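Trainee: Below is the structure I would like to discuss, written out as structure tokens.
The values are calculated or read from the model by the stated rules, or taken from the named source; none is laboratory data. Values in this document were obtained by computation on a predicted structure and should not be read as measured data. Cβ placement follows ideal geometry from the backbone for every residue including glycine, while neighbour counts extend to all protein chains displayed. Note: areas computed on protein heavy atoms with side chains; ligands, DNA, RNA excluded. Shrake-Rupley method; radii C 1.70, N 1.55, O 1.52, S 1.80 Å.
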Amino acid sequence: MPEIVLKNITKRWGNFVGVDNLSMTIEDRAFITLLGPSGCGKTTTLRMIAGLETPTEGLITIDGVTVFDSDKGINLPPQKRDVGFLFQNYALWPHMTVYKNIAFGLENLKWKKPEIEERVDELCKMLKIEQFKQRYPSELSGGQQQRVAIARTLAPRPKVLFMDEPLSNLDAKLRLEMRTELKRLHVDTDSTFVYVTHDQLEAMTLATKVCLMETGVMQQYDPPLVTYSLPNNLFVADFVGNPTMNFLDAKAERDKNGKLRINMYGIEAEMQTEDVFEMPVKPEGEENAQSDVNVVVGVRPEFLEIGSSGIQAKVHATLPSGMETTVKIAYGEQIFTSVVFGGVDYAVDEQIKVSFRGNGILLFDKFTGKRLCSGALKLAK
Ligand SMILES: Nc1ncnc2c1ncn2[C@@H]1O[C@H](COP(=O)(O)OP(=O)(O)OP(=O)(O)O)[C@@H](O)[C@H]1O
Ligand SMILES: [Mg+2]
């Protein structure tokens, strides 16, 4: 089964490091998304697995077969890797009809005519392009062309399917529909999907596992909900989730009873956690820095509770969207975000009380950015 393994893959162009010592295993039939800001190395990674780009160093195996090994000088060409591609700049053949575009690859693979017809029909139905079969690409909208490209890629039932932002040309509604379709396709086709996107929502909703990268370095490789609730560091915490996580600078200290005392902008609280960690210390040279802040408290908007007790704060703005309401909360100079289920409408400057809900409050090391623990944050009485 086509498990894909990357070991210490690095891609350099001169002194510039595009992908830095990347190791990961893509399980058989996984739906992996490569996520990260522009230029972080997503496309490069995909192209290296597919065989379109040669890594500077490292080892790649697909289905137990070594397709690249810098030490042994192995480098299999893409056509020998049994993979399909779908890139952002999908190029349909302009002189061929939709039908022919999808059928062409199968003809080359010597499929029989009735089988080809059946497969093309099946795909056209699945992708809702049946009525365009006899049209030429120039007679289709961008979104329709993209669906033809998806059909063409899926036609030979590749074991591994690489997709680089394949939905980026579609309008919002079609994108959503195609996401659902892709998720179903993934199950129906039994293939392994490797999917590049810089859209965190797309990455989260589609993937069985998200690989989040920053400047060529993998930051986290976990199922979406793990990445969401237990981000490895501040970069991941900030990149994933919308509205974004609240970050509060704080001072953490263990008292003589071993309790973890947190002071955020003068607010006293206790962090209750099972996690074991070392208290962060200032890096060398900064010991004398003015601030005694050593941690960052991370609070997802849904864990910031507006209720009858807690910190006295003010409503900065209320943004109802129907199913949920985003409430911007002002505390001194700081603005925080809370999300409440359903429609509520607070007046601007209305006095409210805010507390921390649940066990998913996070503590990060201010200096390294690393997550220290997760737990409950109880306000001091
Ligand atoms: N042929 C090349 N020569 C030199 N640098 C390159 C080359 N190809 C890519 N790069 C650089 O490598 C880095 C990673 O590029 P890559 O295309 O993988 O980014 P990406 O994550 O796909 O970004 P985007 O979301 O914008 O598509 C970028 O900084 C890019 O400029
Ligand atoms: Mg790219």
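Trainee: How many residues are within 16 Å of ligand 1 (Cβ to nearest atom) and surrounded by fewer than 22 Cβ atoms within 10 Å (Cβ to Cβ) if we restrict to the range 148-176?
Mentor: 4
Trainee: Could you tell me which residue of the range 324-358 is least open to solvent (accessible area, probe 1.4 Å), considering only residues that are closer than 12 Å to residue 299 by Cβ and assigned to a loop (DSSP other than H, G, I, E, B)?
Mentor: That would be 358.
Trainee: Within the range 177-195, does at least one residue satisfy the condition of being buried (at least 17 other Cβ atoms within 10 Å of the Cβ), in contact (Cβ under 8 Å) with a residue 12 or more places away in the chain, assigned to a loop (DSSP other than H, G, I, E, B) and aliphatic (A, V, I, L, M)?
Mentor: So far as the range 177-195 goes, no, none of its residues is buried (at least 17 other Cβ atoms within 10 Å of the Cβ), in contact (Cβ under 8 Å) with a residue 12 or more places away in the chain, assigned to a loop (DSSP other than H, G, I, E, B) and aliphatic (A, V, I, L, M).
Trainee: Among the candidates 245, 271, which residue alone is closer than 18 Å to residue 374 by Cα, buried (at least 21 other Cβ atoms within 10 Å of the Cβ) and in contact with a helix residue (DSSP H, G or I) (Cβ under 7 Å, 6 or more places away or on another chain)?
Mentor: 245
Trainee: I'm checking my understanding of the structure. Among residues of the range 36-94 that are more than 16 Å from ligand 1 (Cβ to nearest atom) and among the small types (Gly, Ala, Ser), which one is surrounded by the most Cβ atoms within 10 Å (Cβ to Cβ)?
Mentor: 84
Trainee: Can residue 255 be described as without any contact (Cβ under 8 Å) to a residue 24 or more places away in the chain, outside the structural domain of residue 21 (by TED's automatic domain parsing) and either closer than 21 Å to residue 377 by Cα or of a type outside the set (S, T, N, Q) (or both)?
Mentor: yes
Trainee: If you don't mind, another one. I'd like to check which strands (runs of 3 or more DSSP E) are fully inside the range 1-113 and have at least 2 residues that are among the β-branched types (Val, Ile, Thr) and away from ligand 2 (no atom under 16 Å from the Cβ).
Mentor: Hits in the range 1-113: 4-13, 16-26, 57-62, 65-69.
Trainee: Answer yes or no as to whether residue 213 is within 16 Å of ligand 1 (Cβ to nearest atom), open to solvent by 50 Å² or more (accessible area, probe 1.4 Å), under 13 Å from residue 34 (Cβ atoms) and hydrophobic (A, V, I, L, M, F, W, C).
Mentor: no
Trainee: Here's something else I'd like to know. Please enumerate the residues belonging to the range 6-19 that are touching a residue at least 24 places away in the same chain (Cβ under 8 Å) and surrounded by fewer than 17 Cβ atoms within 10 Å (Cβ to Cβ).
Mentor: The answer is 7, 8, 12, 17.
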